[in-house]
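Take a look at the structure below.
The values are calculated or read from the model by the stated rules, or taken from the named source; none is laboratory data. Because the structure is a prediction, the values reported are computed rather than measured. Cβ coordinates were reconstructed from backbone atoms using ideal geometry, including for glycine residues, and neighbour counts include every protein chain displayed. Surface accessibility is based on the protein's heavy atoms, side chains included, excluding ligands, DNA and RNA. Shrake-Rupley method; radii C 1.70, N 1.55, O 1.52, S 1.80 Å.
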Amino acid sequence: MVVLFTVRGNNALRRLNDVLMNRISQLEAQVELQRTLFATLTSPEVRVVTLGGQGANARARGRIFWDQARRRWLVYVRDLPRVPDTTIYQLWFVPKTGNPVSAGTFNTEADGSKQLNIDLQEGLTDLKAAAVTTEPAPGLTQPSGAFALMSE
């Protein structure tokens, strides 16, 4: 009888240990992400691009934290309404010369927010503007839809 309780107790402790180890791994990953975000946001080499709402999305706002050395955008969008599944928001890097380059597609959360981490293609360094358009899903090679957000 004592052996049975000991085995059950050990099994319960092993399961609890597995759950706790999994949670520790999740928390370590979150801490590392927060460190990366903090380092990026406070870096003197980061350029901040502000996005203002356009047309029916006049209340929407966004910010792009552009880590030029790492060719990465951290994008934060607020108050941009969710679009239907047949439509998608597409983020554009608009160079000073040449055509816009897609930086990715997204839909917002139910509250109108979205956070994106985007690795930019090589050679995208000379930004004229950044924009978000509404496009047919899954997105296009060049913008065709209405502007939802545009850099100010």
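Here are the numbers for the structure shown:
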| read-out | value |
| --- | --- |
| Some residue of the stretch 16-31 being touching a Leu at 6+ places or on another chain (Cβ under 8 Å) and without any contact (Cβ under 8 Å) to a residue 60 or more places away in the chain | no |
| Qualifying residues in the stretch 84-93 (those that are β-branched (Val, Ile, Thr) and more than 16 Å from the chain's Cα centre (by Cα)) - the one farthest from Gly53 (Cα to Cα) | Thr86 |
| Long-range neighbours under 8 Å by Cβ, at least six apart or interchain, first residue more than 16 Å from Tyr89 (Cβ to Cβ) within the stretch 41-60, second acidic (Asp, Glu) and surrounded by 16 or more Cβ atoms within 10 Å (Cβ to Cβ) | Ser43/Asp67; Glu45/Asp67; Val46/Asp67 |
| Any pair with Cβ under 6 angstrom, 6 or more apart, that starts in the stretch 123-138 at a residue that is closer than 10 Å to Phe93 by Cβ and ends at one that is open to solvent by 50 Å² or more (accessible area, probe 1.4 Å) and of a type in the set (A, V, I, L, M) | Ala131/Met150 |
| Residue within the stretch 13-25 that is at pLDDT below 85 and out of contact with any Lys or Arg (no Cβ under 8 Å at 6 or more places or on another chain) present | yes |
| Odd one out for Ala69 among (1) closer than 30 Å to Pro143 by Cα; (2) without any contact (Cβ under 8 Å) to a residue 12 or more places away in the chain | (2) |
